[in-house]
Amino acid sequence: MIAGGGAVLGSSGVFAAPAGGFGNQAEWEQKYDSATSELVRTVTPILSPQTVAASEAAIDEYRAIASQGGWPSVPSQATLKLGSKGPAVIALRRRLAATGDIESNAGETPVFDSFVQAAVMRFQDRHGIGTTGVAAQDTFKALNVRVEDRIAQLELNLIRLRSYAGSLGARYITMNIPAAAVETIENGEVFSHHAAGVGKIDRQSPVMQAKVLDINFNPFWTVPVSIIRKDLIPKMQADPNYLTDNKIRVIDKAGQEVPPTAVNWNSMDAVNYRFRQDPGADFNSLGVVRVNIANPYGVYMHDTPAKGVFGDDYRFVSSGCVRVQNIRDYVAWILKDTPGWDRDHIDEAIRSGERIDARLIQPLPVYWVYITAWANDGLVQFREDIYRKDSSADPFAQGDGVTVIPGQAKANAAKRGVAQNRGLPPMVDN
């Protein structure tokens, strides 16, 4: 059966103080920038003929389940965990067995034992839920989705997957928005997986096809107009020292730096100024690296000082750009064919604290996609339809109702007037 199985890998950490910057994301002391990513699970790219074939097979299997009456619902009145007992545990066992997360011969005892715990973790892993092994609200919600709805979700996403059937390149990057995850692909296999932080529901990351052009080490960050309005003005009203504390400079129309007191913070006067944050690993919203991508939306990928986001289940935290875990490994892979930019030189550039750019000798394809259901490497994966795109009859519908077909982002952006970023400077959100 395609549905079950697979390694279960989790994150651990110790709670620390909330991070600075524009979010309220808590920091976690965790091994984040390691030599290898903790998230590596599969070798088959999400955009591949193998994934298309496996997703077709998964649809057939789920249709077979539906023809037999579907799977049972699981009572969700109480949390179920190791040691729990009762009829709800029997229902949970039956539900997990229906999709192959637990062997059907594991029995139907009313005890939540280690076998059930492992099965719950497999189920959680397939649905992008923290692998706690405890069945609580988010897990019950996923367990109790009807099989007919999962079939419809797989069918819709199969159309999306098939649209990428052409040659994507020998080396390329895929960023799947609903999974908040990045893959680097080389010679038809996944080289590395990276957790990501992507756009909030009201500040969505766009579906697009583009190319990575260069890497900016120790970048400045120019605060976009949207964030000035939504975040910066309220923060300055609450704390007049906010800009100074976060090393954000105020630049007037003449290009001269002025003190924060020059701005009337009780009005929209701030949009008439430019706000530029100094480089710095501990406070700059872009961290130590910006990955520059040619696209009409003004978005890009970057590091972040708020490393704790990568340990969370919910990583829809940015204003449209994408924060990437293990950024040094990621950049080293991007620059591997660019002379003079091995890992030692990358680390040296970051340590210098200076603004340094590395231009790729060959632009690298990058695909930002919206896939909420797929199958590969023996697993059927589902993610929440966070931007509510699956509810449209059009599988490529954007949140604003505009269709984005892979490879046509630029034309559609022109049609839209680049609505997401109208009036913003080239360096936009985080």
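Values quoted throughout were computed directly from the atomic coordinates according to the rules given, and no laboratory measurement underlies them. Note that the structure is a prediction, hence the values are computed from the model and not measured. Cβ coordinates were reconstructed from backbone atoms using ideal geometry, including for glycine residues, and neighbour counts include every protein chain displayed.
The table below gives the values:
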quantity	calculated
Length gained when the stretch D377-S76 is fully extended (0.36 nm per residue, less Cα-Cα span)	105.3 nm
Estimated FRET transfer efficiency when R0 is 22 angstrom, pair N187-D344 (beta carbons, to 0.05)	0.35
Order of Y242, Y370, Y164 - criterion: other Cβ atoms within 10 Å of each residue's Cβ, fewest first	Y242, Y164, Y370
Ranking of L360, L232, L156 by count of other Cβ atoms within 10 Å, fewest first	L360, L156, L232
Least to most buried among S352, S73 (fewest other Cβ within 10 Å first)	S352, S73
Those GluC sites (Glu not before Pro) in segment 50-147 that DSSP places in a loop and that have at most 15 other beta carbons within 10 Å	E103, E108
Placed amide H near V366: partners under 5 Å, 5+ positions off or other chain	I173, A210, K211, V212
Amide H partners (placed H, <5 Å) of I102, local residues excluded	A97
Per-pair calculated FRET efficiency, R0 = 51 Å: I361 and D394 via Cβ, rounded to 0.05	0.85
From phi via Karplus (6.51, -1.76, 1.60), per-residue ³J(HN,Hα) for segment 271-278 in Hz, x at Gly/Pro	5, 8, 10, 9, 10, 10, 8, 5
For segment 122-137, Karplus couplings with θ = phi - 60° (6.51, -1.76, 1.60), whole Hz, Gly/Pro x	5, 4, 4, 4, 6, 10, x, 9, x, 7, 8, x, 10, 8, 10, 3
Positive-end residue of H127, A54, A78, charge dipole of segment 27-150 with Cβ unit charges	A78
Contour minus Cα-Cα distance for K336 and R162 (0.36 nm per residue)	59.7 nm
Under-5 Å amide H pairs with F191, H placed in peptide plane, nonlocal only	T184, I185, E186
Cross-link pairs beyond the 26 Å C-alpha cut-off, checked among K141/K230; K336/K389; K211/K389	K141/K230; K336/K389
Length gained when the stretch T132-A262 is fully extended (0.36 nm per residue, less Cα-Cα span)	41.7 nm
